[in-house]
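What follows is a set of notes on a single structure, which appears directly below.
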Amino acid sequence: MKLALKLVAAFVVALILGAGSAILLIRSGGLGGDVAVGPWETDLTIGSTQADPYTRARVAVAGLLALNRNETIYFTAHRDDAGDKLRISCSYKITGFDPPARWWSITLYGEDHYLIPNPQNRYSVGGETVQRNEDGSFVIHVGPEERDTNWIPTGDGQNGDTFTITLRLYNPDDKAARDPAGISLPQIAKEACAS
């Protein structure tokens, strides 16, 4: 009888530890990846049949309805070009040219993987809404201080101190779909941080 109780107790402990570690891995993993372009990362298995169960679970928790990789490439930045974590108390400048896709968008997400609440209800800038410079380039401002154009607010910190930026490339051109590591993506430069 004592042996049976010990076996049951060991099984329960193993089940709790196994389930707990899987949940921790899935919730803390985010959507980083095996391909990096500057601060941007993507996982080539997202939206494909090659995705393992952990990748599928991470997408279900953080990616929210990821499309097939032939239709969309998702890049996520957790850090700026200098390698520092993206913080809501800092201002950033995202600069570049249109990525090689039919349509693109840049969206901020809080630590909870949801849109960052803000009074302006402004969460994203896309290829059809971004204001461009004369040479076709764009500058997107991210941070707590309001800007006149292309500004995405970082909110008031209710969703944590850090955030991520997701760049979606919808209907990427053939070269980008074959070699996401070979394309030019926007730069993310820190401008200033509040004390």
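The values are calculated or read from the model by the stated rules, or taken from the named source; none is laboratory data. On a predicted model such as this, the values are computed, not experimentally measured, just so you know. Please note: Cβ atoms are built from the backbone with ideal geometry, for glycine as well, and neighbour counts cover all protein chains shown.
Quick notes on this structure:
- Look at (1) within 23 Å of ILE183 (Cα to Cα); (2) of a type outside the set (A, V, I, L, M, F, W, C); (3) at pLDDT below 95; (4) outside any strand (DSSP E or B) and you find that PRO117 fails only one, number (1).
- Contacts under 7 angstrom Cβ, first residue in segment 146-164 being free of Cβ contacts under 8 Å to residues at least 60 places away in the same chain and of a type in the set (A, V, I, L, M), partner in a loop (DSSP other than H, G, I, E, B) and surrounded by fewer than 20 Cβ atoms within 10 Å (Cβ to Cβ), 6 or more apart: ILE152/ARG122; ILE152/TYR123
Listed here are the residues, each with its yes/no results for (1) on the phi > 0 side of the Ramachandran plot; (2) modelled with pLDDT under 60; (3) part of a strand (DSSP E or B).
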position	(1), (2), (3)
GLN50	no, yes, no
VAL61	no, yes, no
ARG69	no, no, no
ALA82	no, no, no
TYR92	no, no, yes
ASP98	no, no, no
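- Verdict on GLU128 being more than 25 Å from ASP43 (Cα to Cα), among the charged types (D, E, K, R) and either in contact with a helix residue (DSSP H, G or I) (Cβ under 6 Å, 6 or more places away or on another chain) or at pLDDT 95 or above (or both): no
- Which listed residue is in contact with an Asp or Glu (Cβ under 8 Å, 6 or more places away or on another chain), surrounded by 15 or more Cβ atoms within 10 Å (Cβ to Cβ) and among the hydroxyl-bearing types (Ser, Thr, Tyr), from TYR123, TYR92, TYR109: TYR92
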